[in-house]
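Visitor: The structure's right below; bear with me while I get my questions together.
The values are calculated or read from the model by the stated rules, or taken from the named source; none is laboratory data. Since the structure is predicted, the reported quantities are computational estimates derived from the model, not experimental observations. Here Cβ is always computed from backbone atoms with ideal geometry, including for glycine, and neighbour counts include all displayed protein chains. To get the accessible areas, we keep the full protein, side chains included, count just its heavy atoms, and leave off ligands, DNA and RNA. Shrake-Rupley method; radii C 1.70, N 1.55, O 1.52, S 1.80 Å.
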Amino acid sequence: MKRLWRLQVVLSWVLAVVLGSVHGHVRRQWGEQVPPESRPHSVTITEFGAVGDGRTLNTLPFQNAVFYARSFADKGGAQLYVPKGRWLTGSFNLTSHLTLFLEKDAIIIGAEESSQWPIVEPLPSYGQGLDLPGPRHRSLINGYNLTDVVITGNNGLIDGQGSVWWDWLRSHELNHSRPHLVEFLYSEEIVISNLTFLNSPAWSIHPVYCSNVKVHNVTIKTLLDAPLTDGIVPDSCLNVCIEDSTISVSHEAISVKSGWDKYGISIGRPTSDIHISRVDLQASSGAALAFGSEMSGGISGIHADHLTIHGSDKGFSFKTTPGRGGYIKEVVISDVEMDGIRVAIEFIGNLSSHPDDDFDPSELPVIDQITLKNMVGTNISVAGVLSGIDGDPFTAICLSNLSFSITDSAYSTPWSCSNVSGYSESVFPEPCSELYTSSSNSSICFSLPSYSALAVA
């Protein structure tokens with residue numbers, strides 16, 4: 001009976017498409033608000049039978065609406081308009097040349113039943129899921145091999161209802177790794193803007209193997225005690241811009257990655273040309289801005305500026321371990337205000353987490369040319385913990401114009417360093433000797449002009 005009902009729904013929808021094609025459009029319900037026309041063609045989710053009562057499952061309407069929008073890909077694309085309401089759905093895919101637009105007070109809600117989040121293979125650069133070996137759950141909103149996709153709105157919301165997934169993770173009841181809210185794979189020209197993302201089961205926005213991605217004016221929030229929830233995770237991506245956003249999560253607000261051990265090394269897709277600016281970050285149990293520890297494809301060309309960081313365990317964290325291979329280099333972070341941070345700056349080379357036991361400890365990572373400058377921190381417990389790898393020191397770590405107010409006397413020293421080298425100038429409290437020896441000078445630093453160069457200029 002249920003199967004017959006679904007067949008009737010699909011047949012009715014196909015008939016609507018055919019009739020709409022005859023008349024040049026799909027007819028809207030009488031009196032329904034016409035959405036903003038950001039594309040030559042526009043359809044509304046209600047035209048495909050969706051009900052925004054927060055109880056009716058709308059997975060099929062979303063899937064059918066995207067399928068219909070695909071027919072306009074060579075005609076300038078289409079906009080899928082989501083009006084005010086609570087739109088419960090399982091996982092669905094997007095298509096190229098599509099704008100998904102959420103009106104004010106429109107909320108897309110992820111279904112709590114795990115069956116509504118299909119199982120897919122792990123990412124090739126990771127070899128397993130986020131939480132468990134083997135496959136993983138597909139994200140709520142997905143894009144695969146797409147071009148020109150916009151997810152935006154008039155401050156609408158996407159709520160993953162992650163608490164059920166967090167409970168399963170804590171109680172070891174997960175059968176497969178948790179899903180994310182939005183994930184794009186092998187895609188380009190992606191824009192995500194003017195929305196709020198709530199309660200992702202795992203990560204909120206995850207572009208992987210993508211290029212030309214812009215995320216701006218978004219708010220991302222999870223409960224601060226939720227397990228291992230990240231905000232935005234550029235992963236083996238080129239040319240990503242993150243601007244004018246607020247992120248408050250439990251684990252890492254922004255985490256830059258590029259694959260895990262031999263899987264990331266073999267795929268060899270680096271993350272580079274990332275610009276992060278004017279963001280407010282909180283990560284209660286992790287780092288506001290993190291690099292790695294999955295960085296085996298390489299990370300370089302990162303510029304982050306005008307950051308506000310508060311209420312976080314760490315401000316910045318550069319993480320790796322023997323067996324990763326890869327590199328983190330040519331990173332500059334500047335113009336930062338921090339308050340209420342346990343460790344302002346962390347470099348760690350011994351995380352010892354691997355997807356499996358088949359890793360090569362001789363695959364050593366390179367951490368080089370990292371510049372942090374123009375930072376002010378209040379209520380800081382530890383200024384910095386910089387710990388490289390024996391026989392594989394982290395080099396050209398450069399600090400300039402940093403001032404941290406240390407308020408926790410429980411720690412014996414504001415700085416701790418081993419297996420690192422670099423340069424420092426105008427840093428308070430005074431940093432480790434490894435960062436201001438007579439042999440070091442600003443010429444080793446990435447994007448840090450020397451005083452002599454400034455004088456000449």
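Visitor: If you build the convex hull over the alpha carbons only and average its shadow over all orientations, what do you get for the chain? Give it in nm² to one decimal.
Guide: 24.2
Visitor: Of all the accessible heavy-atom surface of the chain, with the other protein chains kept in place and a 1.4 Å probe, what percent is carbon and sulfur?
Guide: C and S fraction of accessible area: 53 percent.
Visitor: Sticking with this one: Which peptide among 361-367, 52-58, 167-173 comes first, and what is the full order, when sorted by highest mean count of other Cβ atoms within 10 Å?
Guide: 361-367, 52-58, 167-173
Visitor: Moving on to the next point. Straight-line reach from Lys75: which aspartates and glutamates have Cα under 15 Å away, leaving out those fewer than 8 places along the same chain?
Guide: By straight Cα distance, Lys75 reaches Glu37, Asp148.
Visitor: Right, here's the next one. Starting from 0.36 nm per residue, how many nanometres of slack lie between Asn379 and Tyr186 once their C-alpha separation is accounted for?
Guide: Full extension of this stretch gives 65.3 nm more.
Visitor: Next question. Just to make sure I understand: if all protein chains stay in place, what is the order of Lys319, Lys221 by accessible area at 1.4 Å, largest first?
Guide: Sorted descending by solvent-accessible area, the residues read Lys221, Lys319.
Visitor: Continuing with this model, one more query. What accessible area, in Å² to the nearest ten, does a 1.4 Å probe give for Cys432?
Guide: 20
Visitor: Hey, another quick one. In Å², what does the accessible area per residue of the range 230-351 work out to with a 1.4 Å probe?
Guide: 24
Visitor: Under 5 Å between amide H atoms, partner at least 5 residues away or on a different chain: which partners does His41 have, H built in plane at 1.01 Å?
Guide: Counting only residues 5 or more places away or on other chains, the set is Gln79.
Visitor: Mind scanning Lys257/Lys314; Lys257/Lys319; Lys214/Lys319; Lys84/Lys214; Lys214/Lys373; Lys84/Lys221 and naming the pairs with a C-alpha gap bigger than 19 Å? Don't skip to the answer; put the middle values down first.
Guide: On the way: Lys257/Lys314 17 Å; Lys257/Lys319 10 Å; Lys214/Lys319 25 Å; Lys84/Lys214 25 Å; Lys214/Lys373 25 Å; Lys84/Lys221 21 Å.
Lys214/Lys319; Lys84/Lys214; Lys214/Lys373; Lys84/Lys221, as the Cα separations exceed 19 Å there.
Visitor: Using per-residue counts of other Cβ atoms within 10 Å, averaged over each peptide, order 340-347, 298-305 from highest down.
Guide: Final packing ranking: 340-347, 298-305.
Visitor: Separate question: For the range 342-453, divide the Cα radius of gyration by the Kirkwood radius and give the resulting Rg/Rh value with two decimals.
Guide: Value, to two decimals: 1.01.
Visitor: Can you give the translational diffusion coefficient of the range 46-94 in µm²/s, computed by Stokes-Einstein from the Kirkwood radius over Cα pairs at 10 °C and 1.306 mPa s?
Guide: 141
Visitor: Rounded if a/c is under 1.5, else prolate if a/b beats b/c, else oblate: with a ≥ b ≥ c from the C-alpha gyration tensor eigenvalues square-rooted, which is the range 260-299?
Guide: oblate
Visitor: Using Stokes-Einstein with the Kirkwood hydrodynamic radius over Cα pairs, what translational diffusion coefficient do you get for the range 41-190 at 20 °C and a viscosity of 1.002 mPa s, in µm²/s rounded to a whole number? Write down the numbers at each step before the final one.
Guide: Working: Rh = 15.9 Å.
Using the Kirkwood radius from Cα pairs, D works out to 135 µm²/s.
Visitor: Quick one: accessible area per residue over the range 41-190, 1.4 Å probe, rounded to a whole number of Å²?
Guide: Spelled out: the 1.4 Å probe surface of the range 41-190, per residue, equals 37 Å².
Visitor: Can you give the FRET efficiency for Asn239 and Lys84, using 1/(1 + (r/R0)^6), R0 = 25 Å, r = Cβ-Cβ distance, to the nearest 0.05? Could the numbers behind the result be given before it?
Guide: Details: r = 35 Å, r/R0 = 1.39.
Efficiency, from the Cβ-Cβ distance: 0.10.
Visitor: What are the ³J(HN,Hα) couplings of the range 219-235, residue after residue, when phi is run through the Karplus curve with 6.51, -1.76, 1.60 and θ = phi - 60°? Round to Hz, x for glycine and proline.
Guide: Going residue by residue, I get 10, 10, 9, 9, 4, 6, 9, 5, x, 6, 9, 10, x, 10, 10, x, 9 Hz, with x marking Gly and Pro.
Visitor: So between His172 and Glu337, what do we pick up on full extension, going 0.36 nm a residue minus the alpha carbon distance?
Guide: Additional length available on full extension: 55.6 nm.
Visitor: Can you compute log10 of I(q)/I(0) for the range 294-406 with the Debye formula, treating each Cα as one identical point scatterer, at q = 0.14, 0.18, 0.20, 0.24 Å⁻¹?
Guide: Reported log10 I(q)/I(0), two decimals: -0.58, -0.90, -1.05, -1.30.
Visitor: Towards the positive end of the charge dipole of the chain, with charges on Cβ (+1 Lys, Arg; -1 Asp, Glu), say which of Ser200, Gly377, Ser42 has the farthest Cα.
Guide: Going by the Cα projections, it comes out as Ser42.
Visitor: With both partners inside the chain, how many of the DSSP beta bridges are antiparallel, as a percent to the nearest 5?
Guide: Taking every DSSP beta bridge with both residues in the chain, the antiparallel ones total about 0 percent.
Visitor: Put +1 on the Cβ of every Lys and Arg and -1 on every Asp and Glu Cβ in the chain; which of Ser245, Leu181, Ser284 then has its Cα farthest towards the positive end of the dipole?
Guide: Leu181
Visitor: Based on the alpha carbon coordinates of the range 250-456, what radius of gyration and maximum Cα-Cα distance (Dmax) apply, in Å?
Guide: Reported Rg and Dmax, both Å: 16.2, 54.
Visitor: Would you calculate, for the chain, the mean residue ellipticity at 222 nm contributed by helices, counting each DSSP H stretch of 4 or more residues as -39,500 (n - 2.57) and dividing by all residues, to the nearest 500?
Guide: -3500 deg cm²/dmol
Visitor: With r as the distance between the Cβ atoms of Asp53 and Glu363 and R0 = 45 Å, compute the FRET efficiency 1/(1 + (r/R0)^6) and round to 0.05. Could the numbers behind the result be given before it?
Guide: Values: r = 53 Å, r/R0 = 1.18.
That pair, Glu363 with Asp53, gives E of 0.25.
Visitor: Which value, in debye to the nearest 20, gives the size of the charge dipole of the chain about its Cα centre, when Lys and Arg are +1 and Asp and Glu are -1 at the Cβ? Walk me through the intermediate numbers first.
Guide: On the way: 28 positive and 47 negative charges, 349 e Å.
It comes to approximately 1680 debye.
Visitor: Between the range 79-150 and the range 183-241, what's the alpha-carbon centroid distance in Å?
Guide: Spelled out, the Cα-based centre of one part sits 12 Å from the other.
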